[in-house]
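A.B. asks: Got a structure here, written out as structure tokens. Questions coming.
The values are calculated or read from the model by the stated rules, or taken from the named source; none is laboratory data. The shown structure was predicted, so the numbers you read here are calculated from the model rather than taken from an experiment. With ideal geometry, Cβ positions are generated from the backbone for all residues, glycine too; neighbour counts draw on all protein chains shown. SASA here: full protein model, heavy atoms, side chains in, ligands and nucleic acids out. Shrake-Rupley method; radii C 1.70, N 1.55, O 1.52, S 1.80 Å.
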Amino acid sequence: MTHQTHAYHMVNPSPWPLTGALSAFLLTSGLIMWFHFYYTLLLATGLLASAMTMFQWWRDVVREGTYQGHHTPPVQKGLRYGMVLFIISEIFFFAGFFWAFYHSSLAPTPQTGGHWPPTGILPLNPMEVPLLNTAVLLASGVTITWAHHSLMEANRKESAQALLMTIALGAYFTYLQMSEYSETSFTISDGIYGSTFFMATGFHGLHVIIGTTFLATCYIRQQMYHFTSSHHFGFEAAAWYWHFVDVVWLFLYISIYWWGS
Amino acid sequence: MAEEMKSKVKNYKTAPFDSRFPNQNQTRNCWQNYLDFHRCEKALNAKGDDVSVCQWYRRVYKSLCPISWVTDWDEQRADGTFPGKI
């Protein structure tokens, strides 16, 4: 018996789960050292270690799938389940921040002056940059769908173009949001409004950056001929994640920017 | 009308049931009456009218509100940092 007689992937031993766990510890203890003692070395080491873990782990997944052929249909099915479950967990993550926002804004306490937005808070105008941001992300949802269809039709040129446009729109969103952050008259420490606003939009922004990075790696892989017209799960996972990020923004825009003003 | 009000204030024992605030959490009841008393006072002082009609709200918030809240709010009003609209 010199070869496997099943379609599943028995992964070779790997150091990355261990380095991932170690970098998680460095990240958490690093945050404590930074918060309490203004000491950043531990946190910086943790960020570097986790970035390297992610890079090497996912590079190995690409090697195993694209170059070694381990991603048979049942294996791909498992990867799909995995991505779906991960995104569901992220939905719950954001649900917490939305819960906090609605808890505080539906029944405002005396501390806020009994109304929402609280006394002294000047919210951003939802019809200005936030509306543009909404248009940008909705458009990026269209371009990534275009990229996917082009990919499935083996149209390399259009697939690359559409993917690049999606990445550009994602970067534009990040740029716009960063400039909005510098324009707010309130900070994260300005009462419950500041806390709920920046926790929810801040984590969303982080997810936009993660999603844009994921899309960029898809672009590189596409240029390196990793995807076929029928097998490109990495791209699909990135697209699912990107649509999730877009939907979270829609909820943010309607709840916090529009209703919450 | 004013006679009824005066006798109601005279016979005051504690804050009566207010159907606007039917539940266990009476925070809003305290807050609303605190606001209403000071708004009443401000409005009538501005018109030069008799402020004693505002006494009902004062009685109610004095009965309902934790003393520390009232102290904090009075200090905030003095500082100009009171978040409520009076």
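A.B. asks: State the answer as a single residue: which of A:P110, A:Y219, A:Y38 lies farthest towards the positive end of the charge dipole of chain A, with beta carbon charges of +1 for Lys and Arg and -1 for Asp and Glu, about the Cα centre.
C.D. replies: Highest projection toward the positive end goes to A:Y219.
A.B. asks: Next question, about the same structure. Where the accessible area of chain B is counted over protein heavy atoms with a 1.4 Å probe, how much of it, in %, is carbon and sulfur?
C.D. replies: 50 percent
A.B. asks: Counting Lys +1, Arg +1, Asp -1, Glu -1, what net charge surrounds A:S150 among other residues with beta carbon under 14 Å of its beta carbon?
C.D. replies: Taking every other residue near A:S150 into account, the sum is -1.
A.B. asks: Follow-up. Using the Cα gyration tensor of region A:88-158, with a ≥ b ≥ c the square roots of its eigenvalues, what is the shape: rounded (a/c below 1.5), prolate (a/b larger than b/c) or oblate (neither)?
C.D. replies: Verdict is oblate for region A:88-158.
A.B. asks: Sticking with this structure for a sec: Could you work out [θ]222 nm for chain B from helices alone, using -39500 (n - 2.57) per DSSP H run of at least four and dividing by all its residues? Round to the nearest 500 deg cm²/dmol.
C.D. replies: When only DSSP H runs of four or more count, the value is -19500 deg cm²/dmol.
A.B. asks: Here's something else I'd like to know. Highest first, please rank the peptides A:191-199, A:24-32, A:55-63, A:7-15 by the mean number of other Cβ atoms sitting within 10 Å of their residues.
C.D. replies: Peptide ranking by packing, descending: A:191-199, A:24-32, A:55-63, A:7-15.
A.B. asks: Which links in B:K42/B:K62; B:K13/B:K62; B:K8/B:K47; B:K10/B:K62; B:K6/B:K62; A:K77/A:K157 stretch past 20 Å when you go from one Cα to the other?
C.D. replies: In this structure, B:K8/B:K47; A:K77/A:K157 exceed 20 Å between Cα atoms.
A.B. asks: Can you bin region A:19-157 into rounded, prolate or oblate? Criterion: square roots of the alpha carbon gyration tensor eigenvalues sorted a ≥ b ≥ c, rounded for a/c under 1.5, prolate for a/b above b/c, oblate for the rest.
C.D. replies: The shape class here is oblate.
A.B. asks: Let me ask you something else. Going by the alpha-carbon gyration tensor, a ≥ b ≥ c the square roots of its eigenvalues, is region A:71-258 rounded (a/c under 1.5) or, if a/c is not under 1.5, prolate (a/b greater than b/c) versus oblate?
C.D. replies: Verdict is prolate for region A:71-258.
A.B. asks: Need one value: the accessible area of A:S179 in square angstrom, 1.4 angstrom probe, rounded to the nearest 10.
C.D. replies: 40 Å²
A.B. asks: Let me ask something else. Would you calculate, for chain A, the mean residue ellipticity at 222 nm contributed by helices, counting each DSSP H stretch of 4 or more residues as -39,500 (n - 2.57) and dividing by all residues, to the nearest 500?
C.D. replies: After summing the helix terms and dividing by residue count, I get -25000 deg cm²/dmol.
A.B. asks: With a 1.4 Å probe on protein heavy atoms only, work out how much accessible surface B and A bury together, total over both chains, in Å² to the nearest 100.
C.D. replies: 500 Å²
A.B. asks: If you don't mind, another one. May I ask you to rank B:R28, A:R80 by accessible area, largest first, using a 1.4 Å probe over the protein chains only?
C.D. replies: B:R28, A:R80
A.B. asks: On to the next question. Give the accessible area for A:D190 in Å² (nearest 10); use a 1.4 Å probe, count only protein heavy atoms, and leave out ligands, DNA and RNA.
C.D. replies: The value for A:D190 is about 60 Å².
A.B. asks: Suppose every K and R has +1 on its Cβ and every D and E has -1 on its Cβ; what is the size of the dipole of the protein assembly as shown about the Cα centre, in Debye to the nearest 20?
C.D. replies: 560 debye
A.B. asks: Oh, and also: So, taking all protein chains as they sit and a 1.4 Å probe, how much accessible area belongs to B:K85, in Å² rounded to tens?
C.D. replies: 150 Å²
A.B. asks: Quick one, can you get me the convex hull of the C-alpha atoms of the protein assembly as shown expressed as volume per residue in Å³?
C.D. replies: For the protein assembly as shown, the hull spanned by Cα atoms encloses 209 Å³ per residue.
A.B. asks: Related question: Solvent-accessible area per residue for the protein assembly as shown at a 1.4 Å probe radius, Å²?
C.D. replies: 60 Å²
A.B. asks: Subtracting the Cα-Cα distance from 0.36 nm times the residue separation, let me have the gained length for A:N155 to A:I254 in nm, one decimal.
C.D. replies: Result for the pair: 32.0 nm of gain on full extension.
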